[in-house]
Amino acid sequence: MQRGLRGSELENLLNRTHLMYRQKNLGLIQKVPTPITPLQIDKRNSTITLGYFDQKSTVDYIGVIQGVPVCFDAKETTASSLPLANIHNHQIEFMSDFIKQQGIAFFIIYLKKYNEFYLMPFELCKKFYEGSKNGERKSIPYTIIKDQCYQILVEADYYIHYLKSLQSYVDSV
């Protein structure tokens, strides 16, 4: 799979969910575009044919859910664990700063092998991420995800209706 297409299945589902959230006044979540500088443009199709990333992006999504600022990143994997190579230092830093501003940060994980979705608290991911930098595990195992994250049950109207899982997470903090 091309690098630029990783996570697109999850992101497509989330984008449809966010449209539904907006239509039902449950929240306003926007996909954060990755800033690029075009080098070549096909003027007939108005498409960029060659370019480079200007800077590292922050997170995939940011917005407000019922008055609460949220940011999160969507991670999709075919492995039986979440590889920490998929998490980047600039994301950890941004989410840490977001929390300092009274926001809520988390990850939405899609484990394709199990066809399961989870809301992973930022603090759990950060703990494993920092451990990996100190020679510990390079991934978060499925057993940890299943036991310490909040499973998101797919509901027909919402695609990935994560608000219940988010509420459970907020209630536990």
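See the values below:
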read-out	value
Inter-label distance, nm, simple model (7 Å from Cα along the C-beta direction), Q148/N45	4.5 nm
Prolate/oblate/rounded call for segment 73-146, Cα gyration tensor, a/c under 1.5 rounded	oblate
Whole-angstrom gap from segment 144-163 to segment 71-103, using each part's C-alpha centre	17 Å
Pairwise label distance in nanometres, K133 with S172, each label 7 Å out on the Cα-Cβ vector	2.4 nm
Computed lengthening from N115 to L163, 0.36 nm per intervening residue step minus Cα-Cα distance	15.4 nm
Point-to-point label distance, E9-D97, nm (Cα→Cβ direction, 7 Å offset)	3.4 nm
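Read-outs throughout are calculated quantities, based only on the coordinates presented, and are distinct from any laboratory measurement. Treat the numbers as computed from the prediction; the structure is a model and nothing was measured. Quick reminder, even Gly has a Cβ in these numbers, built from the backbone with ideal geometry, and neighbours come from all protein chains shown.
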